[in-house]
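The structure appears right after this line, and notes come after that.
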Amino acid sequence: MAGLSREILKWIQSLDLSYSVKNTKRDFANGFLVAEIFSRYFPQDVQMHSFDNGISLARKLDNWKLLEKFFKRAGVPIDRDLIDAVLHAKPDAALPLVEAMFTFLTSRPVPPRGQSRALLASQAVADAPPFAKPTASNLVLQAAAPSELQTTLKDVSKQAELAAGVVAGHNAALVAERAADPARYATNAGGGQARMMLTRGPPRQVARHETSGVVQFQAVNVKPLVGSVARLRAAHEAGASAGALSALGRGGADGEGEGVSTLSLGVGWQNNSLGLFQADSAAVSSCADGGGARAAGARAQPLIGVLELLDGWVEEQLPGLSVSTTGHAGADGRGGGGARAPGTRSGMHARDLVAALPDAVATGDLSEADAARLLRGARTLAPALARVCAGSPKECWVLLNSLTNAIGGFDAHGAHGPIGPLVALGEDVGGRIASAEPAIADGLLRDYVAPRVCAMLVAIPRQRAALLRVLYGFAPVGAEARIGAIKLLQAELPSQPLFLEALSHLVSLDVAAASAAAAADAHAAAVAGARAHVGAPGAPLAGGASLDQWLLDLYSYYAAVGLCKPSPALRAGALHVLLALTRLHPAVALHSLTRLATMAAERSVHWEVAASLAALTGALLASVDAEAFAAGAAGAELSAATDAAHTLVAMLETLLAAPAAAHVRAVVVLAAAPHVGVHISLRAPLMRGLLALAADQLGALLEGAQMPGMPVGGTAPFALASLRRPARARADAGADADADADADAAADDVGDDGAYGPTGGGLRPLASEWDALSVGEALVLSISASQLEHLTEQHVRIAEAVAAGAQRTAPWASLWFGLKDHLLVSLADPTLAARSANTIARLCLALQEDSLRAFTTLVPALRMVFPAGAPACQRAAASLLTALVRAGPPFLAPVAEALSGLPDAVSGNAEIGAVMAELANAGM
């Protein structure tokens, strides 16, 4: 505690703090001791349970934020600059802080203090010899603490300003030293030279005749190598000859390599299938004759860069748009700059207008729909971008940097419509390179695509599915290449849970491609009159690859390993993988059925594990039921399928009965709902699960909207992917965008939840999944068992959804008579009247004459509404009567009879008058 006066030291010791102060710079930095000192004087305002005695920057900032609020309320004369200096442990910064606290809390003047350590240190530096004094770089490093670079000096401009001030002060000190000791810096013989002579002694005499050996110089052939590891690996793996390798190594003219933005490619690339460039004829002929040397002056034509292509497209489509490009430099540092003249080549500085589009959308300069349409049209540049990226891996990095920055920007601003076109563009470019130059694509994937995408998977968790589609686009076709991409991901990603989540997205892409390819094969076989084998194991993937046994075994292995781990994240990831595989290979998951049943019966199941397990169980039950139906139709043995079905139904019953959060219960309900028509034992648990949801959550679930509280994007359980509206199949990677289908394409690109990827597309409406009659019967049984006098909003919402599937059959008539009294009474409830009226109308219109027996209780229900009922109830009842009148016979006479039974006081009611007018128009 050097520097503090004795009186202040005695004051601190008298406070009986939780630990003694030994180093003021360190002990006061986190603000905990400061808070404890003030708590002795202001116990009601400063409570120590709000402060954390930690040393991390976050804890320090939290403590000082609370203290700063107290300082403002209490009028403590401690400003923000002093707080920042103490927080960052600047030398002697704690001394004025302690003195300010002493004066404020004790109302005594500050006694004089001794010399501080900082002053003593500065004197020591001044007295040090010149060689021991700090340099300008040392002073700059000492001026800013590491914690300042994360807070007050986070802005680069502020860092530069601080560094400039330190350097200026250092230069001023040097000037002062020169003025104080001119002899040391003198350069004439009488000054500095004389001192040098004293220190170094007289010069040594060198003999005039020195013997020396013979030195021979030999020419060394240096071959400049222009390219990258990806290109070298590509040439090697393709089995290129020595001549091809030498051609690959030849760069631009005169041995020049690739500049910042000029792509000068060797003539050895002029024959590849992408058509990377057009070379001079002289250069081509000089290599064709086997000489291997470039002709003098031969030069490959430079290609335009990625940013020039994209920026030109944006400027052409939006000439009047003004966007800021600050902070959107490409991966190679190109960015900023002013306007660029049209037609300039890559030697000019380029902006990154694609990465700047999110800011334009956020500021309102560009609408989200226009940004999506612009990026969708940019797919016309895919062939050129593929050529540039294949020719220069650095340009591939620039493209990835631009696309991923734009994806992150749109996601941060909540504008998800343009993300789909960005992903499609990345897939298109990668697919073209992978199909034309597989070896180059593999090199790009390993050296550039995978590192960039894996970094962004951590930074943008909501868009992991989108980023992985871009990565998979660069994977060459074939199961071996897909397995290599998966192992590459495993090596690059920082955690196993994240890898399993990524794996679940990749297997969904493989399975979806396999299904599409199998469907295409079936269609072709049907056209040819051949027998189609749809959905068989090993169905070919789009693009010629196949989900062969090796790939299937790899996915199964990772899923089995994840299921055996205690980590909920790993278990959920493994269930995600099995869920995706169940579409084509349900037997993989059925092999682990015993393990899955044990997991469902555990006392407390993690929410994501429960949701994923429910979705997987529902998918497996659908597969087992289909297998049992097919086996029954063929007269085969059903015991295995029946046993599996019983186990799966018991798992769903357990999950429905378990307490869970609303979004988990929604997943379980959606998984069980399609099976209530076949498995009667699921009806009661399903109804209890539905009634346990809040009214707004249940309504969203029934309508297929985004349920409140439902996780979305990359943080949502992958189980939701199988429970959402399926998006239409996307166009092939090489196809151009259709400008006339912008609206439809935008709807496919992003779901109702605002997240692009497998979780997009909105939940499937629950009413489209269940057997309506079975659910309605379960509802009647639930109402009867509960002996309810009045329905809740949940009951009415379920009844309304059930009534949408009503048919004119005897079971539906029985259901109507079980619900009618409750629904008619609900007409008198303002919160339920509209839905009750809509439900009654749906059932009556479906049943026609079979519903008329219920009209004996219609008059008492109307008397509860007219004339003293709430206006909302009267409007609902009138809308019901109007719908029945407009349906015509057989409802005209019963409605007229019901109206005649109302008291005379309703004759002047406007709602009743409107119904009477409808009856008059119908001839009644």
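The values are calculated or read from the model by the stated rules, or taken from the named source; none is laboratory data. A quick note: this is a predicted structure, and the numbers were derived from the prediction, not measured. As a convention, Cβ positions derive from the backbone with ideal geometry for all residues, glycine included, and neighbour counts pool all protein chains shown. We work out accessible area using only protein heavy atoms, side chains counted, and drop any ligands, DNA or RNA first. Shrake-Rupley method; radii C 1.70, N 1.55, O 1.52, S 1.80 Å.
Kindly sort 313, 607 by accessible area of their heavy atoms, largest first, with the probe set to 1.4 Å. Could you put the intermediate results ahead of the total?
Details: 313 45, 607 85 Å².
Most to least solvent-accessible, the answer reads 607, 313.
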Length gained, residue 380-residue 856, 0.36 nm per residue minus C-alpha separation, equals 164.5 nm
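Pulled fully out, how much extra length does the chain show between residue 92 and residue 661, if you take 0.36 nm times their separation in residues and subtract their Cα-Cα distance?
Details: separation 569, 0.36 × 569 = 204.84 nm, distance 5.31 nm.
Roughly 199.5 nm would be gained on extension.
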At the level of C-alpha centres, the distance separating the range 2-63 and the range 769-803, in angstrom, is 63
For the table 65/90; 60/158; 90/158; 65/133, the rows whose alpha-carbon distance is greater than 27 Å are 65/133
Taking R0 as 51 Å and r as the Cβ-Cβ distance between residue 412 and residue 921, the FRET efficiency 1/(1 + (r/R0)^6), rounded to the nearest 0.05, comes to 0.35
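Let's test the formula: R0 of 25 Å, r as the Cβ-Cβ distance of residue 316 and residue 365. What FRET efficiency results, to the nearest 0.05? Could the numbers behind the result be given before it?
Details: r = 17 Å, r/R0 = 0.68.
With a Förster radius of 25 Å, E is 0.90.
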Highest mean packing first, using Cβ neighbours within 10 angstrom, the peptides 11-19, 440-448 sort as 440-448, 11-19
Counting only protein heavy atoms and leaving out ligands, DNA and RNA, the solvent-accessible surface of residue 462 at a 1.4 Å probe, in Å² to the nearest 10, equals 60
Pseudo-spin-label distance residue 910 to residue 56, built 7 Å along Cα→Cβ, given in nm, is 6.2
Ranked output for segments 830-839, 854-863 by mean other Cβ atoms within 10 Å, highest leading, reads 830-839, 854-863
For residue 167 and residue 105, extending 7 Å from Cα along the Cα-Cβ vector and measuring point to point gives, in nm, a value of 4.4
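Roughly to the nearest percent, how much of the accessible area of the range 795-888 is carbon and sulfur, given a 1.4 Å probe?
On the way: 1970 of 3590 Å².
The computed percentage sits at 55.
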Length gained if residue 597 through residue 20 is fully extended, taking 0.36 nm per residue and subtracting the Cα-Cα distance, is 201.9 nm
